[in-house]
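First up is the structure itself, then whatever we jot down about it.
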Amino acid sequence: MTSLTKETKLTLLYIFIAFSFSVALRLIWTYQFGGYEAFKFNGQFMINTNDGYFWAEGARDILSGISQPNDLSPTTEAASQLTAFFAKILPISFESLILYMPVFLSSLVVVPIILIARGINNLEMGLIAALLASIAWSYYNRTMVGYYDTDMLNIVLPMFLLWTIIWAIQTKEEKYLLLAALDIVIYRWWYPQSYSLEFSFFGLILAYTLIFDRKNVYNYKLLAIMMFAMINVDGMIRLPIVVALYLAFKQVKLDKYVYVILGISAITFFSTGGLEPIWLRLKLYVFKDALVVGEQGLNLHFFSVMQTVREAGQIPFSEFANRISGHVITFVLSVVGFIYLAYRHKIMLFALPMIGLGFLASVGGLRFTIYAVPVLAFGVAFLITELATHMPTQKLKVLSMFAFTLAILYPNYKHIEGYKVPTVMNADEVKVLDSLKTIAHREDYVVAWWDYGYPIRYYADVKTLTDGAKHDGDVNFPVSFILTNPPAVAAKMARLDVEYTEKTFANAQQNRDKNLSTFSYVEQMTTDYGFKDTNDFLLSLETEIELPKKTRDIYFYLPFNMLNIYPTVTRFSYIDLMNGKEKAAPFYFISRSFRDVGSQIQLNQEVFMDKKTFTLTLGSKKITPKRFVKTLYDENMQLKKEMKIVDVNSNINIVYMSNYKTFLLLDEATYNSLYIQLMVLEEYDKNLFEKVAGNPHAKVYKLKI
Ligand code: MN
């Protein structure tokens, strides 16, 4: 038995220290919320990222073996498959698994960081960089406990690839050929968008080979095996190809064919459409405005989600720096340090694609900053270790490293301490969905705004019309229409939208090979009901029309929290689909911090309500409301209402939700919307709706037509 070298022992020790540190700091959140029951379900904390419920649904269905056609459950996606695998082998609850997976998987990033540093004989730099990178601001935000999303491995996997590439170039050992190819296959499996980074690494190695090391056959082997790992075919086909190629490369007598093999790999890459994803991405960005839904049909104009997302414009430098290094000074030192590091150790230039992608954040959005975190951490860590070498005594050397490391970690620790993000759902909302699970069938639909799509599907095991991925203007339109129109009209649209959704799935299935152009559901409805103008069709919903045959039940999930986003919800249907003109936004005002100021209630700085006459004062304007409604729950948690009609000609209504400590000022259309009528007032036609579940946080109604 060979005993480990001192260096290997130290490497393992540093990995152990950095990994434990990364895990421990991620547990601060659980410690802070320890006894907070509103964040828990089944005795465990819930997750705090919406998209996580998508992977959780897939894993749940893999484990149960039940998933229906068109339920949009990601049973073939890597994150769900890995979760299901862990669920089978680990003796912990599913809720605990998805909560803690990001903690342990993202902390693995310390391994390649320390190994890369070992490659340039500076283990201390590796330890310092690993400590910083594992908890740096943006990396922490996207891999904290409960942040159950692909981010948990999105940096770990390319860092392993970088480590493999660096060690491959340094050692020219054959095993790194296989490792590099396997890294790519796994990374692509985990995150299909990974090609851009893989391709950049490939380009750098190619440039390095042509400029500095043209004669070395090893480099061409590395390029060929990486290219085969990147071809555009299923991972289960690429895996045996790269293993076979690795075995072939071990035969020295085949060395003379390496250029032929590289040529074949390039031809295979291009002929399988390896460049296609990059080309597609370009098309999406460059020609994004050219995509119109229903080109040959009515040419409807839907509201684009992009219009509601804050433009990714100029990010302030300090925020950018904070997110990468935790502090502006650390960031500047990191950049300077990395330049110095790359000057002293040219091999570190292979890390440039990671920095490049990180700096894309300045144009592509903050989520890219995490790519630069580990590589720039090397920069400041290198400066710290360089400084230490100039210390006169060993004691001072250690002490200085310790002090400077603490200094760069501290701002990140402060960030973690203050970053108390809530769970996506609260316990009461989930209780409603959990009881809906026993009421609704798997094939039934729940109508809700897209934000709630994934959690609804995970907790209630039903289908939804929209979710975190399916929320373009054309699918959001009907849901927005349903939530913001009067219940009687909304009921018809709900039946129509669900049946058209299912019908379109079925048609797509039958005409799989025909490549039919698909029209939006609203457009299909318009044509089917014999209209040429969608506005006429929508108006006809106020009359008696014949609805499609009912194939399943429909439920409405109406959370109290939706009050905050109601104006956003309206935007998707407050639009003339024929010409794209947006309609005037609703009058919608919400106040949670009102106070009694004698004869009036002050709702905010400028808005007052007279306690006797209910007359509103908005700045210099006086408005008499149509109604004043006060809601409250009695001792049996039944909603009671007191209503006073003040001025029938007014268009403004006041709703005082006393138990919620919330005042609403609503125009007549908003007051009459399905959401306000069913959620806030519990006012509905018993022939159309039935309340089937709920508490003050969320209510569920069943459609009776
Ligand atoms: Mn399902």
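The values are calculated or read from the model by the stated rules, or taken from the named source; none is laboratory data. For clarity, every value in this text was computed on a predicted model and none was experimentally measured. A quick note on method: Cβ atoms are made from the backbone with ideal geometry, for glycine too, and the neighbour counts reach across all protein chains shown. Ligands, DNA and RNA are excluded from the accessible area calculation, which covers all protein heavy atoms including side chains. Shrake-Rupley method; radii C 1.70, N 1.55, O 1.52, S 1.80 Å.
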Problem - Search result, residues across the stretch 209-253 that are of a type in the set (Lys, Arg) and closer than 20 Å to residue 268 by Cα - result: 221, 238
Handout entry: the stretch 44-73, subset free of Cβ contacts under 8 Å to residues at least 40 places away in the same chain and away from the ligand (no atom under 11 Å from the Cβ), residue farthest from residue 423 (Cα to Cα)
Key = 65
Practice task
Please indicate, with yes or no, whether at least one residue in the stretch 439-459 is touching a Ser or Thr at 6+ places or on another chain (Cβ under 9 Å), assigned to a loop (DSSP other than H, G, I, E, B) and crowded, with 22+ Cβ neighbours inside 10 Å.
Solution key: yes
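Please count how many residues of the stretch 133-150 are of a type in the set (S, T, N, Q) and either surrounded by 24 or more Cβ atoms within 10 Å (Cβ to Cβ) or at pLDDT below 95 (or both).
3
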Handout entry: Tally of residues being within 16 Å of the chain's Cα centre (by Cα) and of a type outside the set (A, V, I, L, M) across the stretch 50-72
Key = 8
Practice task
Go through (1) more than 16 Å from the ligand (Cβ to nearest atom); (2) out of contact with any Asp or Glu (no Cβ under 7 Å at 6 or more places or on another chain); (3) modelled with pLDDT under 95 and name the single condition residue 520 misses.
Solution key: (2)
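For the stretch 152-166, which positions are open to solvent by 10 Å² or more (accessible area, probe 1.4 Å) and closer than 17 Å to residue 189 by Cβ? Give the derivation first.
Step one: list which residues in the stretch 152-166 are open to solvent by 10 Å² or more (accessible area, probe 1.4 Å), which gives 153, 157, 160, 163.
Within the stretch 152-166, 153, 157, 160 qualify.
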Fill in the blank from the handout: In the stretch 402-438, residues that are surrounded by fewer than 19 Cβ atoms within 10 Å (Cβ to Cβ) and of a type in the set (S, T, N, Q) total 2
Handout entry: Search result, residues across the stretch 553-578 that are in a loop (DSSP other than H, G, I, E, B) and within 32 Å of the chain's Cα centre (by Cα)
Key = 553, 572, 573, 574, 576, 577
Fill in the blank from the handout: residue 84 fails exactly one of (1) among the aliphatic types (A, V, I, L, M); (2) away from the ligand (no atom under 16 Å from the Cβ); (3) out of contact with any Ser or Thr (no Cβ under 7 Å at 6 or more places or on another chain), namely (2)
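Touching a residue at least 40 places away in the same chain (Cβ under 8 Å) and within 16 Å of the ligand (Cβ to nearest atom): does that describe residue 495? Walk me through how you get there before you give the answer.
Numbers: touching a residue at least 40 places away in the same chain (Cβ under 8 Å): yes; within 16 Å of the ligand (Cβ to nearest atom): no.
Against the criterion (touching a residue at least 40 places away in the same chain (Cβ under 8 Å) and within 16 Å of the ligand (Cβ to nearest atom)), residue 495 does not qualify.
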Problem - residue 543 being open to solvent by 10 Å² or more (accessible area, probe 1.4 Å) and assigned to a helix (DSSP H, G or I) - result: no
Completion exercise
The one condition residue 11 fails out of (1) open to solvent by less than 30 Å² (accessible area, probe 1.4 Å); (2) within 16 Å of the ligand (Cβ to nearest atom); (3) β-branched (Val, Ile, Thr) is (2)
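Given 532, 550, which one is surrounded by 12 or more Cβ atoms within 10 Å (Cβ to Cβ), more than 32 Å from the chain's Cα centre (by Cα) and part of a loop (DSSP other than H, G, I, E, B)? Quick ask: steps written out before the conclusion?
Values: 532 fails: surrounded by 12 or more Cβ atoms within 10 Å (Cβ to Cβ).
That would be 550, the only listed residue that is surrounded by 12 or more Cβ atoms within 10 Å (Cβ to Cβ), more than 32 Å from the chain's Cα centre (by Cα) and part of a loop (DSSP other than H, G, I, E, B).
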Practice task
Mind counting the residues in the stretch 428-441 that are in contact (Cβ under 8 Å) with a residue 24 or more places away in the chain, under 25 Å from residue 44 (Cα atoms) and within 16 Å of the ligand (Cβ to nearest atom)?
Solution key: 6
Practice task
Please tell me if residue 169 is in the same structural domain as residue 249 (by TED's automatic domain parsing), part of a helix (DSSP H, G or I), at pLDDT 95 or above and buried (at least 20 other Cβ atoms within 10 Å of the Cβ).
Solution key: yes
Practice task
Would you kindly identify the strands (runs of 3 or more DSSP E) lying entirely within the stretch 590-657 that contain at least 2 residues that are free of Cβ contacts under 8 Å to residues at least 40 places away in the same chain, open to solvent by 40 Å² or more (accessible area, probe 1.4 Å) and of a type outside the set (A, V, I, L, M, F, W, C)?
Solution key: 595-597, 621-623, 639-645
